[in-house]
Structure formats: structure tokens, C-alpha cells
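What follows draws every value from the coordinates through simple rules; no lab data is involved. The structure displayed is predicted, hence computed values, not measured ones. Neighbour counts are summed over all protein chains in view; Cβ atoms, including those assigned to glycine, are modelled from backbone coordinates with ideal geometry.
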Amino acid sequence: MVNGSNGNVKYELNYITTNRFYVEIDSTIAASFTECSGLSFQIQKNIFHEGGVNDQQRVYLGHVEFTDVTLKRGITDNFGFFNWATKIFDEENGENNLRQNVNILVFNQAGETMQSWTLIGAIPIGWKSSDLQADGSSVAIEELTLAYEGLKVAKKGGGGNPTTRSKSGFFTSN
């Protein structure tokens with residue numbers, strides 16, 4: 001909150017709510033999702049106890065593990081995510097590079113990008129449709145689960161482009 005020039009209190013619209021986010025794949029906003037879960041990582045730790053030192057322990061860090069991300073949205077007539085997921089097990093598709101850098105963009109109330117998570121080298125590992133019930137009245141939901149090899153967080157992001165491994169075996173993060 002900032003005092004305006006006329007003495008009135010002016011509220012800035014820079015707070016983030018959890019319901020203003022989009023997913024960007026292949027440099028375009030792919031969809032508006034109702035839910036995104038699993039954005040996290042865990043660093044493995046190794047505990048070492050030194051002989052004679054009974055009141056302390058040594059903690060050595062190991063590898064990082066990224067949690068799978070699940071995106072949920074209402075079912076639409078766009079088959080993009082289903083087609084991307086099914087190319088994985090289609091032996092005749094002829095495509096070797098099915099990985100994408102996927103951006104999850106969060107906006108403030110003014111519509112400005114406040115934060116961007118880039119899933120590096122993301123690939124679909126699951127797709128699921130909600131149960132169909134003749135007597136139900138809820139919206140049919142589809143879920144897309146992505147595994148990824150790296151995570152980059154920034155205030156503003158871009159990309160979501162197809163990505164390839166470098167000669168060292170890693171995916172580029174831009």
C-alpha cells in the first residue's frame with residue numbers, strides 16, 4: 001500500500017493469487033489449467049556421524065530429484081496433450097525428440113507475469129480423463145503428468161520450445 005499524491009491510500013496490484021496461471025509449450029500459451037500440482041524438488045542428503053563427536057552430524061548433499069508435475073483442465077476439443085502423450089508409445093511416429101521446455105506462468109491481478117517455472121526437458125508420462133457418469137453434473141477433467149530433468153525459476157520466462165540434448169547429455173535451460 002502506497003500513499004497517493006492526493007493523500008488517499010493506493011493499492012498496488014502486485015500480489016499473486018493461485019488462480020492466475022497459464023502453461024506455455026512451443027512458445028504459445030497452450031491452455032488454461034484449473035490446477036497445477038507437484039512443482040517441487042528434493043535434494044538427497046547423506047548423514048555422516050564422526051567418531052567421538054556425539055552432539056553433531058555432518059550433512060552431505062546428494063542428487064536433486066524433481067517431483068512429477070500434474071496439470072488438470074476441463075476436457076476440450078483440442079487433442080494436443082493427448083497426441084503428445086500418445087507419441088511416446090507409438091513406434092511408427094518417426095519422432096525422436098518428444099521433449100519440450102514447458103513454462104508455467106503466474107500472473108498478478110494487473111496481468112503482469114510475476115513468476116515463471118520452466119520444466120526443462122519435460123515429457124508426458126501420464127494422461128487421464130475423469131470418470132464419465134450419466135447422472136453426474138460436474139465438469140469432465142483431463143490430467144497430464146509430466147516428468148522433467150531440470151527446473152528454472154525466473155520473474156519472466158519464455159521458451160517452451162522443443163529442446164535437444166547437448167553432446168554432454170544435458171538439456172539446455174533456455
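Of the peptides 62-75, 123-136, 39-52, 97-110, the order by per-residue mean of other Cβ atoms within 10 Å, starting with the highest, comes out as 97-110, 62-75, 123-136, 39-52. If you wrap the tightest convex hull around every Cα atom of the range 73-145 and split its volume per residue, you get 131 Å³.
Stretching the chain fully between Ser138 and Leu98 yields a gain of 11.1 nm (0.36 nm per residue, less the alpha carbon separation). For the pair Phe48 and Ala147 in one chain, pulling the backbone fully straight at 0.36 nm per residue adds 32.5 nm over the alpha carbon distance. Near Arg73, the amide H atoms lying under 5 Å from its own belong to Thr34, Glu142; only residues 5 or more places off or on other chains count, and H is placed 1.01 Å from N. Between Lys155 and Asn78, the contour length at 0.36 nm per residue exceeds the Cα-Cα span by 24.8 nm.
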